[in-house]
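Below is one structure, written out as structure tokens; comments come after it.
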Amino acid sequence: MKCIIFHSTIGVLVSLTVPSVSAAQWVQIDSGMTMRSVDAFVVSGGSIFAGSLDADVFLSIDHGNTWNDVSAGLSTPAVGALAVSGIDLFAGTPSGGVFRSTNNGTNWASANVGLTVSYVQCLAVVGANLYAGTGGGIFRSTNSGSSWSAVNSGLTDSLVYFLVSSGLNLYAATSFGGVFLSTDSGANWSVTGLKDTLLWSLEVCGGSLFAGTLGKGICRSTDNGKSWTVVNAGLGNGIVSCFATYETNIFAGTNGGVFLSTNGGTSWDPVNTGLPPGHVGALAILGTDLFAGTLHGAWRRPLAEMVTSVQSSSNFQPAQLQLQQNYSNPFNPSTTIRYGLPQRANVRLTVHNSLGQKIATLVQETEEAGYHEVKFDGSNLASGVYFYRLQAGSYVNTKKMLLLH
């Protein structure tokens, strides 16, 4: 069995400037959509899915130029959350719970066994686990949505708007209870230093945790949620509904459009030329473009129009251990696995088949702090689901990837 591996240590794009607004332009890209608002995006390989609380799920396989309705089997036309795990696509709805598709949305089936709440606000895939934030707390599935169990111990606010993970930490944004943290896959929760605040969104970027709020704008934590700072210069105190990250740069979708910070949230610049005024409810990055979901459909803009003058910094290093999702995923025949080390560590990165058998060792050595990436070639492997596992000291994380020949 031949597996081709390319391993490199890479610099991270950290020093960027925002061009003048005359150089930047959003373009509307909702040909084929029958909905007014776009409330959720998810990227799967080279495709992008869009969900709407107005009407169903749409798929584009040509970078957003055209869209096709992929909603057969959805019993509710409202979709506010989307997630991808391998070949499984999940949709969260406000009245029908969770639906799963195993064929890119061609058909959907209910995936609600054990899910006692039909209002699903958000979905998150963390390793082999799938989480649903609902109007009645958090539910976890360990079998791709076939069954669910509640994981709410210590969670004092049951209305959960957003979930995000960073290493072994899982964070939940709630209605008025603030941000909660779990370090044991959701079994137990504790409130962080951001309390009694209405939360809309969460994101991790450059080792910092960002919270989008109603009334405070954006709050940032650099110590895993223990303390928070309001970071609103140039942004204001509006509603922050969503985030997207590109390397160490972070975009925020607000009720005043899209804003970009290239300095960890210290300041924000509007990047709205061509975008209709109003609420931005979803952001996603596919390839070299940023996608925005608005009350007026879907819009696209090249990252190069907003992020320029790129300089490499080889001494940049993450604040904590990170194992990122491979890209592309699904892949054929090669993919890139990227991870970050906050300090020098003994690293072991392996690939396993669906039976848990190790089929390749990609890294087994002591590595310096920084970001690293490995290219894995599955030319001689059968199509199917595989897992890659990173162990660095006591840190262990596993993620799923899909090979399609």
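Listing for the model above:
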{"quantity": "Cα-centred dipole magnitude for segment 16-309, charges only on beta-carbon of K, R (+1) and D, E (-1), debye, nearest 20", "calculated": "360 debye"}
{"quantity": "Potential lengthening between Val230 and Arg348 on full extension [0.36 nm per residue; Cα-Cα distance subtracted]", "calculated": "38.7 nm"}
{"quantity": "Cβ-based net charge around Leu53, under 14 Å, with every Lys or Arg adding one and every Asp or Glu removing one", "calculated": "-2"}
{"quantity": "Förster-model FRET efficiency, 45 Å R0, His63 and Asn143, C-beta, rounded to 0.05", "calculated": "0.85"}
{"quantity": "Local electrostatic count at Lys216 - Lys and Arg +1, Asp and Glu -1, tallied over other residues with Cβ under 13 Å", "calculated": "+1"}
{"quantity": "Leu168 paired with Asp196, simple spin-label distance in nm, labels 7 Å along Cα-to-beta-carbon", "calculated": "3.2 nm"}
{"quantity": "Rough spin-label spacing in nm, given labels placed 7 Å along Cα→Cβ, for Thr116 and Ala72", "calculated": "3.6 nm"}
{"quantity": "From the coordinates shown, Rg and Dmax of the Cα atoms in Å corresponds to which of (i) 20.1, 57; (ii) 22.6, 86; (iii) 29.9, 102", "calculated": "(i)"}
{"quantity": "Max mean-square fluctuation residue, GNM over the chain, Cα-Cα springs under 10 Å, options Ser37, Ser379, Ser175", "calculated": "Ser379"}
{"quantity": "Additional length obtainable on full extension of the chain from Asn263 to Ser31, 0.36 nm per residue less Cα span", "calculated": "80.0 nm"}
{"quantity": "Thr366-Ser153 FRET efficiency (beta carbon distance; Förster radius 41 Å; 0.05 resolution)", "calculated": "0.60"}
{"quantity": "Net charge over other residues, Cβ less than 13 angstrom from the Cβ of Ser146 (K, R count +1; D, E count -1)", "calculated": "+1"}
{"quantity": "Normalised contact order of the chain, rounded percent, pairs of Cα under 8 Å and 6 or more residues apart", "calculated": "17 percent"}
{"quantity": "Ratio Rg/Rh [Cα only; Rh per Kirkwood] for segment 259-405", "calculated": "1.05"}
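Since every read-out is calculated from the coordinates, none of them should be taken as a lab result. Only a predicted model underlies this, so the values are computations on that prediction, with no experimental measurement involved. Here the Cβ is made from the backbone with ideal geometry for all residues, glycine too, and neighbour counts use every protein chain on show.
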